[in-house]
Each structure stands twice: as structure tokens, then as C-alpha cells.
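The structure under discussion is supplied below as C-alpha cells; questions concerning it will follow.
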Amino acid sequence: MSNLPETGRTSRVTIRLVVIQILVFSLLLTLGGRLWYLQIRSGDQYTAEAANNHIQQVVAPATRGSILDARGVPLADNETRLVVSASRTDLMKMKDKGKGVLTRLAGILELKPEDVAAKVRLCDAKTPQPCWAGSPYQPIPITDEATTQQALQIRERAEDFPGITAEPTAVRRYAGPGGSNTAQVLGYLSPVTDDEIIKAKDSRSPLLRSDQIGRSGLERQYDTELRGKAGVTRYEVDNLGRVIGKAKSDKAEPGANIVTSVDARVQAIAERELDQAMKDARKEMDRNTGVNYKADAGAVVVMESKTGRIVAMASNPTYDPNAWVGGISAKDYQGLTGKDSNFPLLNRAIQGQAAPGSVFKVISATAAVNAGYSFTNNYNCSSSYSIGGQVFKNFESKGYGPIDLGRALEVSCDTVFYDLAYRQWQKDGGNNPKHPADWFYKTAHQFGLGKQTGIDLPNEVRGRVPDRDWKKNYWKSNKDSWCKQGKKDDDSYAGKIAKENCESGMRMRAGDSVNYSIGQGDTLVTPLQMATIYSAISNGGTLYNPTVGKAIVSPDGKRVEEIKPRAHGKLPFDRKTRDQLDRALAGVATNGSAAWRFGGWPQKQIPMHAKTGTAEVYGKQTTSWFATYTEDYTIVMTISQGGTGSGASGPAVRKIYNALYGADDKGKIDAKKALLPRPEAKLPRIQKDGTIEAQAIPSPPARKEDKEDKEEGAAEKPPGTADSTRKPDDPDSTEKPDGPDSTEKPDPAAAGGQDE
Amino acid sequence: MTTTDGYKVRRYSPERGTWGKLTARDSVLRRLDWVMLLAALALSGISTLLVYSATRGRTELNHGDPYYFLLRNILNTGIGLALAVGAVWLGHRALRGAVPILYGISVLLTAAVLTPLGATINGARSWIQLGGGFSIQPSEFTKITITLGMAMLLAAKVDAGDRLHPDHRTVMEALGLAALPIVIILLMPDLGSVMVLVVIVLAVLLSSGASNRWIAGLLGTGVIGCVLIWQLGVLDEYQINRFAAFANPALDPAGVGYNTNQARIAIGSGGLTGSGLFRGSQTTGQFVPEQQTDFIFTVAGEELGFLGAGLIIVLLGVVLWRACRIARETTELYGTVVAAGIIAWFAFQSFENIGMTLGIMPVTGLPLPFVSYGGSSMFAAWIAVGLLQSIKVQRPVSA
């Protein structure tokens, strides 16, 4: 532009101007680079942070699904309570920070104004309870026990109560239909912990602070399905937390309903009969100890033989699951878990384990056949059997002479199995085993002992097969204390045992094997394992994973996911052996050790099979075992410190069968009285709106006042479904028995065996 | 080019009409630097949108009128433009004579801030309340008067042809002239303005051709000054905290680091194209304090994204580029020095302002030229544009 000589300009100034220009543009470039880094390189991170900044979530919990019995009767459902809540966001917008509204509200609810104010303040380090620990954007519940009258007042005078809602809200209820309790199977809920929230954060079903989660039983097993998905309303808020708009929100999805195979009527009877059997046992004198039986715990399992489905499962002592609803009180909690409680929370059908006694003999018989001993050969049933100077007696020292294995099962002859086990022990090398075949132990494993049955309930215990590996490990961990005790020249029984264990506990001794063959000693089984085994004998050999859940039904009823029976093994016998066992067990019921309990049973129409067991527990009274099956059902009952198998458990099991089939004590079958002559194969009817139709259930007189729920209306008995003539044996059946303060865990150091 | 006699007569006729004067080939309008002017106008336009976006929801500030800041910003821009026109009309040379008066007024006003007339905003006593919701920040105008005053002293002998470079005595006088208002502003304390003024002084000395020793000496004094300021506790706690938060942004995100943290979230979440004007959650949620003034850039970052925020930097670059051209091409040292002072002012203040929102500079209360809401800074920036235009227009042109 200009080519005039530039006066007043030296090269020094020109150079410096260039320097300034370079500096200026490098500053601008720096800004551009940094802007690119923030917005393009790390843009996603900041977008997420911005979203966290300005989105607040309000959670509407999903309605938890119901747990229904096989006929659609709710075992666990929700009842509606009127919950009055306050929106803190709305209150804080008021001039007096909502003070006036809360005071008026306190007046209507008949609460102290300061108590109401305390409930809506936010928890922090300096605020004592009560205070609100949840999100300040979440409506804060003031009471869940509002009356309809109070709720109406609040709603009708909405202008007086801005920010206050009175909404019907679902609260868990364990209805106990037909007098059933089902406590341990259903489980219970309790509020979620911080750890669980963190753990579930990135899972498919994240937890909310307001959530309750299943802690045991079905509530825990099917927690994800039952819980559903909470609804989330997202509000955009400004820097002061004021709501400035609504963002994308998710509607609440109610949880799925679980249909179980449990029949509430059968369950009620099983619970009642178990309780009665235990009460009766406590009236019996134990001739061994000279005091009455303690009968401190018991369990009964009613299973469908052909599918492994659980029709009833009762555990005693028991408790009322409603104690957990709305938060358990400290006193109740102590009563359920304290040292003197006898642990009613335990489901003894899957968590109680004891030596099986003679109900184990079906395994020993199968093991003998597989080891090459013919089922039909005769074996000498002597009154006692001696090995190396040690004498093993038959039950009541009774001898039957030469009998086959079937008869040995019928009369529960111990010496036959002693002999077989001893011979096999010798064959395996005796005290110096060389590649032992261990038929008796192998067979127990093949029958599924020592591992979980795979039932759809949490925390099932495994039991124990005291085989050579176990013995070795057990000896290793106990030898020090045994040897110390054995050294003291203690002449007592315990001292001798300790000495012997110290010296040879690592070995499988002849006595161990012999005891083991009749289900005594260190073997531990659960009632459920025994039920699984006996139903497998009934159904031809299939070991099913027992199931309580039968179907998961989506809340709209459109998706039904059936839980199909699954097998986890086959019993190791052929058809012939199975039939021989089956015949022998039928013999037990007709002319064996259980015959006196099944007098008059219509054996022709409904062939009954049974095996009794009386397991000795060192330092305690005997455990009563009773395993039975028909074509359709398997019932196993056990009572800890209850006496003999048929003596303590027999009448109860018989009564459950009577109820199932509608039989009476003389063997007459009245189809109208039969609760469930065939297992319930179908699912309850699902109506168009997704609700599941509940069939009528009679309410027992003892609990009538508790039963003002919806199935009550449908309780006009249609023929063939109600056992209305049946008188409850004990109106107090749901009360906790005053059991002695001992758990069911038997002492593994059991004494020599004997059986009835 | 062939011309007629008549045309020649008309061209030099003193009776030429106003329109003719404005449209003539050598007219002021034609000689204006339109590129710079349009860039500065574009910045002011963007400013109005951003200020509106940042303030329409701030009921505690806008007296319930969402357009309160929008209208005031337009008014400010208009006044700024008028002041720029005035500056061009008067011309920087004419102003040269008035510099001592202007300087005196600005020093007095600056000093008045320290008297009970002054108002404290955000910990700094930098404002004079005029009533009616108006206030002025004299330190903004000090940036102009120091530039003009120093340029007048430094360029006097050189432009007169007496010397090739300013002598030591002149440099000392110029530094003394700058030191007085700087010390007053330091007492406010308005550290941001002091930083800008020091940078202006440096650029003015550089461009005047003063001896290298002065430059080196000044830099050294600057470093020592910083150390002294730190050691003597001239700084208020809020200023120390700002530096601490700059050094460690994770420090106390709810307190000191809150500003920087929220600013960075706002800008970072903008991405390439931003959330759209008026749709930024950080902006509508008012998470960034001082968003219409010092943190205006975060609105652009969030709502207009990299493209929009980048455009602001580019437009500032265009203004600075044209200013550098003017500085290089003017033939008198006075114009060069004034232009260099303004360049340093705009460049450093923009860098500091945007840099603090991006987390690469500590937080100081400096507005973004042309973009931040605020009358004083808007007026000062437009006066500076007028001065630059005047330097270009009044340059001796080839006939």
C-alpha cells in the first residue's frame, strides 16, 4: 500500500512488533488447543458430569411380585396401606419452609408437630434420628398408618397441604392362607445396605436406597424377578436444587409373580402335624436317658415323586414372617436369632443335617447288590455281630435267622448289613487297603449324598459322606485335641474314643464301615436329600433337583416362564433291583417296622412304601426318621431328639397322606375329602389383566380373625377342594414351641449303632 | 485513471456534501478497517445472545425481566460504538493534546474508588456507583489513558525526529506516569487489572523502541514485584484461594474450586456443536457464577460448542491481526505505540479470561473484551477500536 519511507520507524521497532504479533497469536493458539482438548477430547466425560450436576432422580418403587401356591393362593403378597408423604422440594419453596403445613398435618395425623418436622429433616453428622437419609427429592414418608379419614382430609384440602400426598402404597404381607405359615420357605425382606447398592450398581437390576431385598427363602432366591424395576422420574434442577424441568423418565415395572408347587392346604397340615408329632414326642419317656424326649427340632418334606416339586416343606421351631414387615423390632430379632431362640429362621428341611439311621439302608442294599451280593440270597440276621471282640447288636437284640435283603429292609435287620459291610471292608484290604472299591461309599455319592440337591432355595447344606478322604482330613484337623485327651488315661467312654481316634482315626476301621452301613456314625443327611432319594426310588431312579418355584409369571400375565423339573442324576441300580427295593419298602409298610403305623391303609389302591430310621447321636437322644413314598408323593419327616422313626413321625406322616388322598384310618377313601389325590400339574388360571386366579381355601378356625383378605370372599367351598370337615388337631399350631436350647447339629462322634 | 477537470474541481471543493464526503474514494469511511470493525461487531452480537442466555433465568439479578441484561448490553454496545465514532472523529492525534487531561481524570476516578464513593464487588473495590443501577469501573479506562499517556511521552521526541529511540529520561517519566494508577489499582486490590496494565506497559515500552535494558529491568521488577506481593500479604484471602484452586482444581470443589470446576464442566459438555443456544443445562441451571460477565465464555462453550467458542477466539484473532497490521503500517511512532498497547491489552485480557474458564489460568476478575457484559469494559474496548481506526485513517496516505 505504502511505499513511502517510513519515518519514525526503526528496524528495532519493526522486529519487536513482529515479536508481539507472534506472542499474541501463540496465546490464541494455546486457547484453541485447550478448547479442543476440553470439548472434543474429553467432551464425553464432561457431558456426564454436567448430567450428574443437574439431574435429580425421584424413585417410585415397583410393586413386589406375589408368591403364590400351586392353586394361585397368595402366600406372600402386598397389602395397601395409606402412606402420607411430604415433598421436601415443595416445602422448601414456601416462605416458612413448610412449617405451617407440617404443623397442620401433625394435627390431622394426631402426631406431635416436632416429630413430623424431625421426619422431614435431612440426616447429617449432627442430626440425630429420626431424620431422612434418602434423597431430598424423594417424597418422605411421614406415616404408613394413616386412616382413610385422615387421607381424605388431606386430599380434599389440598390447598392447605401443598407438597403433601396421601397415597395407598403396597406393603409386604405374608397372608398365611389356610393356617399355613411357610415361613422358612418364603423367607423375608429387609432394607438394602450401602454395600449391596454399590455392588449392584452396574448390574442388570441396580438397587435403590428405598429398596427392600429378599434375605432368605424364595424372597431371596427369586429376588430379582419379584422386585421388578423401580420407576424413576428425573428432574432437571438448577444450582440451588430448584426444579426447572423434567427429563427422560422411566415408569415403574412391577415385579413378576412366582407360582410355587406348594399347596397351602397341605402345607398347613404338614406344619400342624409336625408340630403335633413333636408335642406328642415330648410326652414320651426315652428309655435310654430316662427323661422325656426333647423333640427340639423337626422338619417334613412333601415332594412330588415324579418331578421333585415341593408340595409342602415345614420346619419347626418356626416364626411369623410378618415380624419382618415394616422393620423388625429389636426384641423380635433377638427372639429369632438369639442364643436361646433355637434358631427358628433355619429351614431344617434343607439346613438341618443328621445321621440318617436305617433310612440309609436302601443305599447299603443297593451298594451290596452292586458289589455282587444277590438281593434274593439269604443272609443271617443274627441277634448280634462281633468283630475283633467288639459286639454290634441288632435292634433289641432280635434275630430273624437267614433272610434275603428285602426282608432285611422290612425288619430293618442291622446284622445283615454289618456282615455285608464287614466282608466288603475286608475285601477292600481291611486296615491296609489296596485300591479299595468302597462300594458302600461310592453308592452313597451316587445317591447324591454329600452334595446339594440343587433346590431353588438359598443356603442348602451338603451333608456328609464319611469316606476315606473325609476321614483323613477330619483326623488331620482333630488329631491334636484327640491325642491330648487320649493321653490323660481317661477311662471314660469319651476318653477311650479319643485315644482310639488319635491312634487310628485316619484309617477306615472295620467298626466305622459297619456302623456306616446302617446309617450311623459320621454320615450327615438333610431331610430334603432323603426325600430326593426316596422319590427317585419311586419314580424309577431319577434324582430330581427339588423345586419350589413352578413358574414365573410376568405382571401382565403375558409371559409365563415355567420352571421345569431338572434331573441331576440317576440312581445306580437296574430295573430289577429297583423293583426289589420297591417291594421291600412296601413290605415295611405292610408287615415291617412301619406296619403298625399304616394299619388299614388302602394298600391296593395306593401302594405305600416306607422306611423307618432311628439315628443315634452322641450325647443326645435319638433322631427319628421316617421316609415314605407312594406313586405320586414322597414324604420324609425327621424329629431331632424325637425317639424312633415310626414312633415319633409315623402318625404325622400317615395323617398327611390321609389328607392328600382323602383316606381315613380305616382305609376308606373319600374323594371329596382328598386335598390333592394327584399332583397339581397345571398352573393356576391367569386372567386377562394378569392377575392369577386363586382357588378357594378354607380358613382354619384358629386363625380366623387374621383372615380378612381377598381370598376370604371366594371361600365358599366348591366341592372337592376343601377339607372343611377336618378338625385342626391343635389350635395353637402357629405358636412357637418351648423347645430346649440346642441346635440340630449332631455330634459327629456317634456311638455304635442300633436300630428298631 | 483518466479524470475530467470538473471532477477534479469537485473533489477538492470544500462545499462537498456530507454524503459525498463519506463516499469519496479517500473518505474516512472507505479508509476504515472494516474487517476489524465487522469482527468486533460480530463479537458484540454474540455477546448479546450469550448475555441473554446467561441472565434470562437469573431472577435474582434481572429484576424479573428476562430482557434486562439483553437490552442493557445492546445499549452498552451502542454507546461503545458512539464512543468509537467519536474517537475516530476526533482522531488520536487530536486526542494527543488532551491526554494529560484524560490521564488526570482517570487517575482521579481511580483514586475515588478508594474513597467512600467506591463499591466493592466480589472482594475487589473497583467500582464507582453512579446511582440508577449504573456504575463505572475506572480501571477499564485507565488501560486507555496509560497507553495514550505513555505513547505521548515516548513518541514525542522520536516523532519530532530528535531521536531514533526514546531516551532513558523519557522512559522513566513514562514509567512514572504508569506507576501511579497501577499502585492505586493494586490497593483496591484489583490484581487482574494490574496484570493487564503491566503487560500494556511492557508492550508499550517494547514497541517504542526503548532500550533492551529497560525491558529486561522491567521484567525483573515484575518478578520481584510478584514475590513481594505474595510475601507482604497485599493479597486478600480470596485471591490466594483462587491461585490455590488454580494450582489444584480438585481442591474443595464445593468452595474455592467450584467456579473453575463448573466452568470446565460447562465448556467440556459442549462438545463439537454445543447443546444449542438457551439449551445448556449448566447455563440454565446457573451452575457457573458470574456467567454473564467474567465467565461468559462458558455459555459459548456449552451452548455453541467448539465451533461457536472457537469462532469467538477466531474473531478476537481477526481483531488482533488487523490491529497488528495497523501497528506495523502506521508511519508515526505514536500510533504504533498506542496500537501495540491496545494489542497487548486485548490479547492478554482475552487469554487470561478464556484461559481461566478453560482452567489454564488462575481466576481473576477480568472481562472478555467485546463479549462480557459490563458497560465500562465495553466502552473501553470500543474506544480502543476507535483509536485503532483513527490511527489507520489518519495515516499519511499516498496521493
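Within the stretch B:268-313, how many residues turn out to be under 20 Å from the mean Cα position of the chain (by Cα), over 20 Å from B:R72 (Cα atoms) and more than 10 Å from chain A (Cβ to nearest Cβ)?
2
Can you find a residue that is assigned to a strand (DSSP E or B), touching a helix residue (DSSP H, G or I) at 6+ places or on another chain (Cβ under 7 Å) and either in contact (Cβ under 8 Å) with a residue 40 or more places away in the chain or farther than 30 Å from A:I692 by Cβ (or both) anywhere in the stretch A:503-510? Before the answer, list the steps.
Our first condition is that a residue be assigned to a strand (DSSP E or B); within the stretch A:503-510, this holds for none.
No, because not a single residue in the stretch A:503-510 is assigned to a strand (DSSP E or B), touching a helix residue (DSSP H, G or I) at 6+ places or on another chain (Cβ under 7 Å) and either in contact (Cβ under 8 Å) with a residue 40 or more places away in the chain or farther than 30 Å from A:I692 by Cβ (or both).
If you don't mind, another one. Looking for something of a type in the set (D, E, K, R) and touching a helix residue (DSSP H, G or I) at 6+ places or on another chain (Cβ under 9 Å) - is there at least one such residue anywhere in the stretch A:225-233?
Keep residues of the stretch A:225-233 that are of a type in the set (D, E, K, R), which gives A:225, A:227, A:229.
Right, trim to touching a helix residue (DSSP H, G or I) at 6+ places or on another chain (Cβ under 9 Å) and you get none.
So far as the stretch A:225-233 goes, no, none of its residues is of a type in the set (D, E, K, R) and touching a helix residue (DSSP H, G or I) at 6+ places or on another chain (Cβ under 9 Å).
OK, next. Taking the stretch B:185-197, which residues are part of a helix (DSSP H, G or I) and either crowded, with 20+ Cβ neighbours inside 10 Å or touching a strand residue (DSSP E or B) at 6+ places or on another chain (Cβ under 9 Å) (or both)?
Residues of the stretch B:185-197 part of a helix (DSSP H, G or I): B:185-187, B:191-197.
Across the stretch B:185-197, the qualifying residues are B:I185, B:L187, B:L191, B:G192, B:S193, B:V194, B:V196, B:L197.
How about the stretch A:70-86: which of its residues are under 16 Å from A:A146 (Cβ atoms) and surrounded by 14 or more Cβ atoms within 10 Å (Cβ to Cβ)? Give the derivation first.
As a first pass, look at the stretch A:70-86 and keep what is under 16 Å from A:A146 (Cβ atoms): A:79-86.
A:E79, A:R81, A:L82, A:V83, A:V84, A:S85, A:A86, listed by residue number.
Report every pair of residues separated by at least 6 positions or lying on different chains whose Cβ atoms are under 9 Å apart, first residue within the stretch A:152-176 and within 18 Å of A:S66 (Cα to Cα), second of a type in the set (S, T, Y) and surrounded by 15 or more Cβ atoms within 10 Å (Cβ to Cβ).
A:T169/A:S85; A:A170/A:T63; A:R172/A:Y188; A:Y174/A:T182; A:Y174/A:Y188; A:G176/A:T182; A:G176/A:T734
Also, I was wondering about something else. Please specify each residue of the stretch A:190-232 satisfying the condition of being touching a Pro at 6+ places or on another chain (Cβ under 9 Å), hydrophobic (A, V, I, L, M, F, W, C) and outside any helix (DSSP H, G or I).
Scanning the stretch A:190-232 gives A:A200, A:L208, A:I213, A:A230.
Ok, one more. Can you tell me which condition B:T364 does not meet? The list is (1) farther than 23 Å from B:G78 by Cα; (2) among the hydroxyl-bearing types (S, T, Y); (3) surrounded by 24 or more Cβ atoms within 10 Å (Cβ to Cβ); (4) within 15 Å of the chain's Cα centre (by Cα), and all the others hold.
If we test B:T364 against (1) farther than 23 Å from B:G78 by Cα; (2) among the hydroxyl-bearing types (S, T, Y); (3) surrounded by 24 or more Cβ atoms within 10 Å (Cβ to Cβ); (4) within 15 Å of the chain's Cα centre (by Cα), just (3) comes out false.
Each row is one residue, and each column tells you yes or no for (1) of a type outside the set (K, R); (2) farther than 26 Å from A:T634 by Cα; (3) within 14 Å of another protein chain (Cβ to nearest Cβ).
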{"site": "A:K199", "(1), (2), (3)": "no, yes, no"}
{"site": "A:G217", "(1), (2), (3)": "yes, no, no"}
{"site": "A:E225", "(1), (2), (3)": "yes, yes, no"}
{"site": "A:R234", "(1), (2), (3)": "no, yes, yes"}
{"site": "A:D238", "(1), (2), (3)": "yes, yes, yes"}
{"site": "A:K251", "(1), (2), (3)": "no, yes, no"}
{"site": "A:S261", "(1), (2), (3)": "yes, no, no"}
{"site": "A:A277", "(1), (2), (3)": "yes, no, no"}
{"site": "A:R287", "(1), (2), (3)": "no, yes, no"}
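Turning to a different aspect of this structure: If I filter the stretch A:639-653 for residues that are without any contact (Cβ under 8 Å) to a residue 40 or more places away in the chain, touching a helix residue (DSSP H, G or I) at 6+ places or on another chain (Cβ under 9 Å) and closer than 22 Å to A:L528 by Cβ, do I get at least one hit?
Our first condition is that a residue be without any contact (Cβ under 8 Å) to a residue 40 or more places away in the chain; within the stretch A:639-653, this holds for none.
Within the stretch A:639-653, not a single residue is without any contact (Cβ under 8 Å) to a residue 40 or more places away in the chain, touching a helix residue (DSSP H, G or I) at 6+ places or on another chain (Cβ under 9 Å) and closer than 22 Å to A:L528 by Cβ.
Same structure, new question: B:G161 - would you say it is at positive phi and not hydroxyl-bearing (S, T, Y)?
Values: at positive phi: yes; not hydroxyl-bearing (S, T, Y): yes.
Answer is yes for this residue.
Rundown of residues vs (1) part of a helix (DSSP H, G or I); (2) modelled with pLDDT under 90; (3) over 31 Å from the mean Cα position of the chain (by Cα), yes/no style:
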site: A:Q520; (1), (2), (3): no, no, no
site: A:A536; (1), (2), (3): yes, no, no
site: A:L543; (1), (2), (3): no, no, no
site: A:F573; (1), (2), (3): no, no, yes
site: A:K576; (1), (2), (3): yes, no, yes
site: A:D579; (1), (2), (3): yes, no, yes
site: A:R583; (1), (2), (3): yes, no, yes
site: A:T590; (1), (2), (3): yes, no, yes
site: A:G600; (1), (2), (3): no, yes, yes
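Scan (1) within 18 Å of A:P458 (Cα to Cα); (2) among the hydrophobic types (A, V, I, L, M, F, W, C); (3) not in a loop (DSSP other than H, G, I, E, B) for the single condition A:V302 breaks and write down its number.
Only one criterion in (1) within 18 Å of A:P458 (Cα to Cα); (2) among the hydrophobic types (A, V, I, L, M, F, W, C); (3) not in a loop (DSSP other than H, G, I, E, B) is unmet by A:V302, namely (1).
Then there's this: Identify, from the list B:T364, B:T331, the residue that is polar (S, T, N, Q), in a loop (DSSP other than H, G, I, E, B) and within 11 Å of another protein chain (Cβ to nearest Cβ). Quick ask: steps written out before the conclusion?
Details: B:T364 fails: within 11 Å of another protein chain (Cβ to nearest Cβ).
From the options B:T364, B:T331, the qualifying one is B:T331.
To keep it simple, each residue is scored yes or no on (1) assigned to a helix (DSSP H, G or I); (2) in contact (Cβ under 8 Å) with a residue 40 or more places away in the chain; (3) buried (at least 16 other Cβ atoms within 10 Å of the Cβ).
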{"site": "A:G450", "(1), (2), (3)": "no, no, yes"}
{"site": "A:T453", "(1), (2), (3)": "no, yes, yes"}
{"site": "A:N459", "(1), (2), (3)": "no, yes, no"}
{"site": "A:Y474", "(1), (2), (3)": "yes, yes, yes"}
{"site": "A:K479", "(1), (2), (3)": "yes, no, yes"}
{"site": "A:G486", "(1), (2), (3)": "yes, no, yes"}
{"site": "A:D491", "(1), (2), (3)": "no, no, no"}
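While we're looking at this one, here's another question. Return the only residue of A:D340, A:D332 being among the acidic types (D, E), in a helix (DSSP H, G or I) and free of Cβ contacts under 8 Å to residues at least 24 places away in the same chain.
On the way: A:D340 fails: free of Cβ contacts under 8 Å to residues at least 24 places away in the same chain.
Selected residue: A:D332, the only one of A:D340, A:D332 that is among the acidic types (D, E), in a helix (DSSP H, G or I) and free of Cβ contacts under 8 Å to residues at least 24 places away in the same chain.
If only one of A:Y422, A:Y418, A:Y441 is closer than 27 Å to A:T542 by Cβ and among the aromatic types (F, W, Y), which one is it?
Working: A:Y422 fails: closer than 27 Å to A:T542 by Cβ; A:Y418 fails: closer than 27 Å to A:T542 by Cβ.
Only one candidate passes the filter, namely A:Y441.
Now for a separate question. For B:L154, state whether it is assigned to a helix (DSSP H, G or I), in contact with a Pro (Cβ under 8 Å, 6 or more places away or on another chain) and either crowded, with 17+ Cβ neighbours inside 10 Å or acidic (D, E) (or both).
yes
Can you say whether B:V371 is surrounded by 24 or more Cβ atoms within 10 Å (Cβ to Cβ), assigned to a loop (DSSP other than H, G, I, E, B) and either in contact with a strand residue (DSSP E or B) (Cβ under 9 Å, 6 or more places away or on another chain) or modelled with pLDDT of 90 or more (or both), as far as the supplied structure shows?
On the way: surrounded by 24 or more Cβ atoms within 10 Å (Cβ to Cβ): yes; assigned to a loop (DSSP other than H, G, I, E, B): yes; either in contact with a strand residue (DSSP E or B) (Cβ under 9 Å, 6 or more places away or on another chain) or modelled with pLDDT of 90 or more (or both): yes.
Yes, satisfied.
Table: residues versus (1) within 24 Å of B:L311 (Cα to Cα); (2) within 7 Å of another protein chain (Cβ to nearest Cβ).
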| residue | (1), (2) |
| --- | --- |
| A:V24 | yes, yes |
| A:L29 | yes, no |
| A:G33 | yes, no |
| A:Q39 | yes, yes |
| A:D44 | yes, no |
| A:A76 | no, no |
| A:V83 | no, no |
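Just to check your reading of the model, which residue among B:S106, B:S53, B:S13 is of a type in the set (S, T, N, Q), modelled with pLDDT under 90 and either at negative phi or surrounded by 12 or more Cβ atoms within 10 Å (Cβ to Cβ) (or both)?
On the way: B:S106 fails: modelled with pLDDT under 90; B:S53 fails: modelled with pLDDT under 90.
Within the list B:S106, B:S53, B:S13, the selection yields B:S13.
Consider A:G587 against the criteria (1) touching a Lys or Arg at 6+ places or on another chain (Cβ under 6 Å); (2) surrounded by fewer than 23 Cβ atoms within 10 Å (Cβ to Cβ): it satisfies all of them except one. Which criterion is unmet?
A:G587 satisfies all of (1) touching a Lys or Arg at 6+ places or on another chain (Cβ under 6 Å); (2) surrounded by fewer than 23 Cβ atoms within 10 Å (Cβ to Cβ) except (1).
The values are calculated or read from the model by the stated rules, or taken from the named source; none is laboratory data. Since the model is a prediction, treat every value here as computed from it, not as a measurement. Positions of Cβ are generated from backbone atoms using ideal geometry, with glycine treated the same way; all protein chains shown enter the neighbour counts.
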